[in-house]
1. Lys345 - would you say it is in a helix (DSSP H, G or I), within 32 Å of the chain's Cα centre (by Cα) and surrounded by fewer than 21 Cβ atoms within 10 Å (Cβ to Cβ)?
2. Of all helices (runs of 4 or more DSSP H) completely enclosed by the range 434-513, which ones contain at least 3 residues that are at negative phi and at pLDDT 85 or above?
3. Output the residues belonging to the range 77-135 that are assigned to a strand (DSSP E or B) and in contact (Cβ under 8 Å) with a residue 60 or more places away in the chain.
4. Look through Ser415, Ser366 and report the one residue that is hydroxyl-bearing (Ser, Thr, Tyr), assigned to a helix (DSSP H, G or I) and within 21 Å of Lys278 (Cα to Cα).
5. Within the range 145-193, how many residues turn out to be within 30 Å of Leu470 (Cβ to Cβ), surrounded by fewer than 23 Cβ atoms within 10 Å (Cβ to Cβ) and of a type in the set (Asp, Glu)?
6. Give all pairs with beta carbons closer than 8 Å in which a residue from the range 393-413 that is in the same structural domain as Ala356 (by TED's automatic domain parsing) and within 13 Å of Arg437 (Cβ to Cβ) meets a residue that is assigned to a loop (DSSP other than H, G, I, E, B) and of a type in the set (A, V, I, L, M); count only pairs at least 6 apart in sequence or on separate chains.
7. Can you spot a residue in the range 301-318 that is among the small types (Gly, Ala, Ser), in a strand (DSSP E or B), touching a helix residue (DSSP H, G or I) at 6+ places or on another chain (Cβ under 7 Å) and at pLDDT 65 or above?
8. If the requirement is being farther than 17 Å from Val128 by Cα and surrounded by fewer than 16 Cβ atoms within 10 Å (Cβ to Cβ), which of these qualifies: Pro44, Pro92?
Amino acid sequence: MAKATPSQISPPTWRTSTGQVQRRGLAVDASFQEPTIYALSTAPGRAAIAVIRISGSACLDIYQHLCPGKPIPKSRHANARTLYQPHHAPHPETMLDASALVLYFPGPKTVTGEDVLELHVHGGPAIVKAVLSAIPQCSSQSTSLGAIRYAEPGEFTRRAFINDRLDLTQVEALGDTLAATTEQQRRLSVRGTTSGLAKRYESWRHQLLYARGELEALIDFSEDQHFDESPSELCSSVSRQVESLIGLLRVHSQNAVRGELLRNGIGIALLGAPNAGKSSLLNQIVGREAAIVSQEAGTTRDVVEVGLDLGGYFCRLGDTAGLRKAKQEALATGDPAAIIGGIEKEGMRRAKLRAAESDAVVVVLSFEPTSPGKVTLHLDDEVISTAAELVRERNNIVVAINKSDKVSSESVEDSVNQVLAALPGLDRGKIHTISCRQAEMAATEKQVKNVSTGNIQSFLQGLIQHFSELTAAIAPDSESAGAADPSIWQDSLGATERHRLLLENAIKYLEAFIDEVDIPPSMQEEREADIVVAAEHLRGAADCLAKITGRGEGGDVEEVLGVVFEKFCVGK
């Protein structure tokens with residue numbers, strides 16, 4: 001039986017001056033043939049089914065060695081086959097798996113852009129090991145096959161990129177998909193796996209290339225060709241386009257920062273006075289005793305951080321040391337508890353630092369007894385001054401007033417007004433009254449009806465709403481080009497920190513272009529725009545956008561892929 005010829009693949013290539021072939025930013029020798037690679041694509045260990053993926057020009061040869069005498073499987077259809085040891089006649093003693101499913105996908109329209117063979121075998125560890133060991137043996141006695149080796153982490157995806165099946169933004173999003181542990185991370189990664197981001201970057205890049213082409217035509221042909229626009233009119237026209245593009249890039253960059261919150265986690269700090277209930281609230285949020293709770297003030301001396309999924313958002317929740325201001329009257333009486341020692345001062349310093357670095361801050365206040373039979377809201381000067389500064393500078397705080405079970409509903413309402421007066425600029429909807437004590441009692445008395453849960457769930461819903469506001473996509477002004485399509489800005493949440501840095505560099509080039517061509521009327525007689533320099537600024541900005549998708553000839557593509565593939569498993 002004649003062997004089928006593996007599909008001829010024609011990925012985007014160009015030859016360098018050294019004789020190497022450049023494929024999507026990666027230089028390879030012109031005579032080099034990629035080896036056929038294989039790997040277990042499902043998780044190792046006992047399972048019902050294990051999937052082994054093979055990619056490369058030797059796929060059909062491997063199939064014919066493992067399934068001797070069987071016809072080539074119909075492409076993209078599952079075919080039941082018995083797998084045997086290579087170079088042995090079919091016999092029960094040489095059988096690897098009695099009933100495997102085999103799927104053949106001819107390139108280039110495959111996941112890697114090459115011929116792909118998938119073996120769906122029984123998931124017992126011994127069977128998987130036997131089949132994996134047999135695949136490289138297919139070439140041991142055959143001169144027609146090239147090298148066959150086990151794949152490196154991310155190598156299947158690397159080939160998809162090289163063969164133009166994925167762009168660099170999709171490769172990065174695939175890495176995020178594999179790393180996603182929460183619902184919001186999943187949604188973020190799914191947005192990035194479409195080509196929407198790359199199309200937007202390419203659209204902006206082509207806009208810059210077109211503008212640059214107009215300027216360079218002015219340079220090359222202005223003396224012997226008639227143009228509809230004068231040089232100053234052309235520069236003014238391009239300048240307006242560039243200013244509009246700068247606005248879009250800035251919004252895109254801001255959304256990339258918001259996307260990083262979803263990707264890396266929202267940092268939250270619990271801030272409050274000693275014994276306000278920060279550790280109790282932390283335990284209620286995470287659903288376990290993650291922090292020590294004691295009636296003794298100052299139990300927490302350092303930041304206690306816990307990672308958790310809260311409403312689909314990955315959060316890094318940090319309990320901090322209590323903040324307090326030494327009371328002069330207590331110091332005068334010699335009360336040792338009034339003295340703030342060195343360790344406590346360091347804990348307070350770290351608490352403030354953590355709050356300043358966090359994306360959201362939960363300020364925990366509490367009702368405390370002030371005299372026999374009287375309970376009032378305790379507003380420590382140190383806590384309030386720190387919280388007020390956060391409201392002014394970042395407006396990223398949520399207030400939880402704890403121990404509300406100690407007072408009447410009228411006192412609770414009065415306390416909300418007190419907080420609003422102490423923290424100007426804070427939204428009323430960001431203040432929640434809770435009782436960690438009632439929540440703890442409800443957890444131990446689940447069978448008892450009408451037990452208050454301390455309003456913890458309402459507080460958590462408010463916190464999740466705050467997360468939604470922090471991570472919502474920003475849209476540009478309605479007058480900006482492209483502002484009418486909200487999907488563009490939702491997709492921009494999938495932009496990574498690498499994208500953001502390149503976007504910022506592109507903005508710098510475009511601002512330099514504006515500075516070069518926008519000459520005030522009072523100075524136009526003294527100097528005129530240097531069109532050559534202006535065109536170079538546009539080229540620099542376009543190159544930055546090309547590097548995002550991996551379409552440029554920049555030498556950093558290999559480095560970027562290396563970083564991305566650190567997250568990948570071997571079979572991806």
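The values are calculated or read from the model by the stated rules, or taken from the named source; none is laboratory data. Since we're looking at a predicted model, the values are computed, not measured. Ideal geometry is used to build each Cβ from the backbone, glycine not excepted, and the neighbour counts take in all protein chains shown.
1. Values: in a helix (DSSP H, G or I): yes; within 32 Å of the chain's Cα centre (by Cα): no; surrounded by fewer than 21 Cβ atoms within 10 Å (Cβ to Cβ): yes.
For Lys345, the condition - in a helix (DSSP H, G or I), within 32 Å of the chain's Cα centre (by Cα) and surrounded by fewer than 21 Cβ atoms within 10 Å (Cβ to Cβ) - is not met.
2. 436-444, 456-471
3. Answer for the range 77-135, where residues must be assigned to a strand (DSSP E or B) and in contact (Cβ under 8 Å) with a residue 60 or more places away in the chain: Val116, Leu117, Glu118, Leu119, His120, Val121, His122.
4. Ser415
5. 2
6. Short answer, once both residue conditions are applied: Asn402/Ala276; Asn402/Ile434; Ser404/Ile434.
7. Taking every residue of the range 301-318 in turn, at least one turns out to be among the small types (Gly, Ala, Ser), in a strand (DSSP E or B), touching a helix residue (DSSP H, G or I) at 6+ places or on another chain (Cβ under 7 Å) and at pLDDT 65 or above.
8. Pro92
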